[in-house]
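See below for the structure under consideration.
The values are calculated or read from the model by the stated rules, or taken from the named source; none is laboratory data. Being a predicted model, the structure only gives us computed values, none of them experimental. Virtual Cβ from ideal backbone geometry, glycine too; neighbours counted across all protein chains shown. Heavy atoms of the whole protein, side chains included, go into the accessibility calculation; ligands, DNA and RNA do not. Shrake-Rupley method; radii C 1.70, N 1.55, O 1.52, S 1.80 Å.
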Amino acid sequence: MRPGLLYAGTEWGLYISFNDGANWENFRLNLPIVSIRDLHVREEYLIAATHGRSFWMIDDLGPVRQINEKILAKSNHLYEPKPAYRMVQSDQNGNSKIEGTNHPNGALLNFFVTDEKANVRIEILEIDGSLIRSYSNQSKESSSKLQVKTGGNKFIWNLRYPGFLAFPGMVLYSSPNLGPKAVPGTYLIQLIVDGDTTQQNLTVLGDPRMSNTPSDYQSQFDFLIQVRNKVSQAHQAMHDIEKIRQEIKYIESKIKDPELLAKITTFMDQLTIIEGTIHQTKNKSNQDPLNYGIKVNNRLAFLMADQQRGDYPPTDQAFQVFDELAADLDRILKEMTNLCNQNIPNLNRALNGLEAISMP
């Protein structure tokens, strides 16, 4: 605790002083009006024991401890974050009247801006500067949308890297699209407001109850990234097939030659068969996988989900399953490449012989 910073609990609530008790300010926040019998500061937590109303905790005293005149004079600031524990825990309990609210599941990042309309971005980076995740109040994607208001803000990074590439209509069985968690170590956090950058270090700690070595964490991370990338490779093929399908649909209506139309139909039928070996295209809702067997992309995605249910290195069986599924996918993708290489150049030559067709 920095010099001059005092906390006091009274019969009417909680108070704070920034000048050794010469002046006191209300620090009740969302506490009920209740007598506070004891206070305890542990690391970055302030624990308040009340009389008949349980005990309450402030999750992060960092902004209170770090605030000074120099910071107050700025238009924006990212406070130094407290260490984040990599733990398996449930999400917060919402607005339950009978349960407390869990600590946020991840790294707690506190910052302030004086103008919520500014272009605000938070970046999570490796210690070498490689970008992991980026969040912005200008983003159109919900997964990377940063909610910002004028004044103090709190953002939770769930310690996860990006998941695999998705595609429209993707329905997978028991395979949430969650990237692997960051291994314990030091990371960089950047707050960028209209080009003005503040940077802080973030320490990620392993679960202190576990005996994992750094090698255990890194082995799990490397394996999960490998599986994730393989799923993305399968899903990129789904994007490529859909792009070909849309282009074919556009030009089909402009072609009168029945022989060329027949060749196009044969090609698309073969491509659709390959598509169905990559992904179960019959799945349109979350219950459909109960009726239709999953394909290689979902098997890989399930392997990824299964191998991050806890903090442990991949098993020998996991490596074996990955090798088999990766080989299966490689064979399918090679078949797709060969099919496209055999048909698309011929179709292009045939189309060039017709009256010019402008693509959309």
Computed over the chain, the Cα gyration tensor eigenvalues, each multiplied by 5 and square-rooted, give semi-axes in Å (largest first) of 53, 25, 19
Carbon plus sulfur, as percent of the 1.4 Å-probe accessible area of the stretch 269-360, comes to 50
Output ordering of 29-36, 234-241, 69-76 (per-residue mean of other Cβ within 10 Å, highest first) is 234-241, 29-36, 69-76
Dividing the mean separation of Cα pairs under 8 Å (6+ apart) by the residue count of the chain yields a relative contact order in percent of 12
Everything considered on the Cα gyration tensor (a ≥ b ≥ c; rounded for a/c under 1.5, else prolate if a/b is larger than b/c, else oblate), the stretch 212-360 must be described as prolate
Residue-normalised value, i.e. accessible area per residue, for the chain at 1.4 Å probe, in Å², stands at 56
Phi angles of the stretch 128-142, converted by Karplus (6.51 cos²θ - 1.76 cosθ + 1.60, θ = phi - 60°) into ³J(HN,Hα) in whole Hz with x for Gly and Pro, give 8, x, 5, 6, 9, 9, 9, 10, 9, 6, 9, 5, 8, 8, 4
Taking only the Cα positions of the stretch 1-145, the convex hull volume per residue in Å³ is 169
Scoring only Lys, Arg, Asp and Glu (+1, +1, -1, -1) among other residues with Cβ under 15 Å from the Cβ of ASP288 yields +3
Length gained if GLU126 through THR197 is fully extended, taking 0.36 nm per residue and subtracting the Cα-Cα distance, is 23.9 nm
Checked the stretch 237-308 against the a/c 1.5 cut and the a/b vs b/c comparison, axes a ≥ b ≥ c from its Cα gyration tensor; verdict prolate
Given backbone amide H placed at 1.01 Å from N, residues whose amide H is under 5 Å from that of ASN137, ignoring those fewer than 5 places away on the same chain, are VAL120, LEU146
If each K or R counts +1 and each D or E counts -1, the residues other than ILE47 whose Cβ falls under 12 Å of its Cβ total -2
Links exceeding 24 Å between C-alpha atoms in this model, out of LYS82/LYS154; LYS145/LYS284; LYS181/LYS243; LYS140/LYS254, come to LYS145/LYS284; LYS181/LYS243; LYS140/LYS254
A correct Karplus calculation of ³J(HN,Hα) over the stretch 33-42, with 6.51 cos²θ - 1.76 cosθ + 1.60, θ = phi - 60°, whole Hz and x for Gly and Pro, returns 6, 8, 5, 9, 9, 7, 10, 9, 9, 10
Over the Cα atoms of the stretch 2-87 the radius of gyration and the largest Cα-Cα distance (Dmax), both in Å, equal 14.1, 42
Going residue by residue through the stretch 192-204, the Karplus relation 6.51 cos²θ - 1.76 cosθ + 1.60 with θ = phi - 60° gives ³J(HN,Hα) values, rounded to whole Hz and with x marking Gly or Pro, of 10, 10, 6, x, 8, 10, 10, 10, 9, 8, 10, 9, 9
Using the Cα gyration tensor of the stretch 114-217, the equivalent ellipsoid's semi-axes, largest first and to the nearest Å, work out to 26, 22, 12
